[in-house]
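Structure first, then comments.
None of the figures in this text is laboratory data; all of them are computed from the coordinates on show. The structure displayed is predicted, hence computed values, not measured ones. All Cβ positions, glycine included, derive from the backbone under ideal geometry; neighbour counts span all protein chains shown.
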Amino acid sequence: MCFACSPRNPIGLHLQFSLEDGVCRTTFTAGEVHQGWNGCMHGGLIATLLDEVMAQWLWLQGIAGMTAEMTTRFSRPVPVGVPLEVTARQTGGRGRLFELAAEIALPDGQVPVHARAKFLKV
Ligand SMILES: CCCCCCCCCCCCCC(=O)SCCNC(=O)CCNC(=O)[C@H](O)C(C)(C)COP(=O)(O)OP(=O)(O)OC[C@H]1O[C@@H](n2cnc3c(N)ncnc32)[C@H](O)[C@@H]1OP(=O)(O)O
């Protein structure tokens, strides 16, 4: 029962994903229960959104991949209570290794956080 995407996980994020033109996409609005400190989303949960959208870029194409490496750049705090657009795309790879990038965009287009990761097909 995936914490990020299972509709049955009672404490999960219940994310839903689409894949179009090589971009995987989801939206999420953090609430008070997702805060790290007042008004700002917890960094671990931000990383969860980014990790999952990249994993789903693979999964929606029938590829089961696990995160082997991930770096996250937290440039600005992510506010709670606003709809976030989370996207991922492929940047490279060879064989079982997939290199992906993901970002979170605010409604005004600012990108407070982005990530790069390597996934291995399992
Ligand atoms: C069983 C479960 C089913 C899962 C379904 C998934 C559904 C989706 C779930 C999504 C959930 C959301 C996502 C999550 O949160 S996934 C949860 C977080 N991630 C994990 O728990 C992963 C833990 N790690 C592992 O299980 C293994 O290490 C994996 C599976 C990743 C690889 O172990 P495996 O034994 O398979 O491979 P290998 O070690 O022989 O390496 C093979 C080759 O790759 C090269 N290499 C390795 N790492 C790196 C690197 N960082 N940069 C560059 N290269 C790298 C390596 O040098 C070698 O190259 P070569 O020597 O052949 O040239």
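Brief remarks on what is shown
- Residue of GLY95, GLY22, GLY109 that the Gaussian network model of the chain assigns the largest fluctuation, springs spanning Cα pairs under 10 Å: GLY95
- Table column - 3J(HN,Hα) (Hz), the stretch 103-111, Karplus curve with 6.51, -1.76, 1.60, x for Gly and Pro: 8, 10, 10, 7, x, 8, x, 4, 10
- ARG94 sits among other residues whose Cβ lies under 12 Å from its own Cβ, and their net charge, with Lys and Arg +1 and Asp and Glu -1, is +2.
- Angle in degrees between helix 43-59 and the longest Cα principal axis of the chain, rounded to the nearest 10: 30
- Helix-derived mean residue ellipticity, 222 nm - over the chain, DSSP H n ≥ 4, -39500 (n - 2.57), to 500: -4500 deg cm²/dmol
- Cα centroid separation - the stretch 7-41 against the stretch 77-122, whole Å: 13
- Phi-derived couplings, Karplus 6.51 cos²θ - 1.76 cosθ + 1.60 at θ = phi - 60°, listed residue by residue for the stretch 92-98: x, x, 7, x, 7, 8, 10 Hz, with x used for Gly and Pro.
- Stokes-Einstein D for the stretch 1-70, Kirkwood Rh over Cα pairs, 4 °C, 1.567 mPa s (µm²/s): 100
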